[in-house]
Amino acid sequence: MVQSFEIELNYEAIAKNQKPRKRCVGGGRKARLERVEDKLFFILFYFKCYPTFDVAGVLFDLHHSRVHRWMLRLQPLLEKALGKKSEKC
């Protein structure tokens with residue numbers, strides 16, 4: 001499962017980098033969820049327990065708005081990795 005999730009993350013990164021960048025890669029804050037395993041654990045934990053964004057923020061040492069952004073970013077990738085069609089509302 002980690003491998004298929006990592007493939008989807010790589011596809012997203014490639015699609016994101018299609019536009020020309022204004023600044024160099026590496027600027028800005030480093031992600032708290034750096035490794036693929038951390039991202040997969042985060043989204044699986046979120047869907048298993050459905051914590052509030054505040055509670056998940058405390059558990060993962062993130063601001064509640066960042067928890068929401070990670071959830072929105074990782075949910076479609078998890079669905080693709082599991083073979084389900086991602087539908088946007």
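The values are calculated or read from the model by the stated rules, or taken from the named source; none is laboratory data. Since the model is a prediction, treat every value here as computed from it, not as a measurement. Positions of Cβ are backbone-derived with ideal geometry, glycine not excepted, and every protein chain shown enters the neighbour counts.
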Inset, instruction - Would you check if Val55 is out of contact with any Pro (no Cβ under 8 Å at 6 or more places or on another chain) and at pLDDT 90 or above? - result: yes
Inset, instruction - Quick one: count up the residues across segment 12-54 that are in contact with a Lys or Arg (Cβ under 7 Å, 6 or more places away or on another chain) and more than 14 Å from Arg73 (Cα to Cα). - result: 0
Inset, instruction - Please indicate, with yes or no, whether at least one residue in segment 24-47 is exposed (fewer than 10 other Cβ atoms within 10 Å of the Cβ) and in a helix (DSSP H, G or I). - result: no
Inset, instruction - Please enumerate the residues belonging to segment 48-68 that are assigned to a helix (DSSP H, G or I) and surrounded by fewer than 12 Cβ atoms within 10 Å (Cβ to Cβ). - result: Lys48, Cys49, Asp54, Ser65
Inset, instruction - Only one of these is surrounded by 14 or more Cβ atoms within 10 Å (Cβ to Cβ), of a type outside the set (Val, Ile, Thr) and touching a Leu at 6+ places or on another chain (Cβ under 7 Å): Glu79, Glu12. Name it. - result: Glu12
Inset, instruction - Collect the residues in segment 1-49 that are of a type in the set (Phe, Trp, Tyr) and either more than 16 Å from the chain's Cα centre (by Cα) or at pLDDT below 95 (or both), keeping them in residue-number order. - result: Phe5, Tyr11
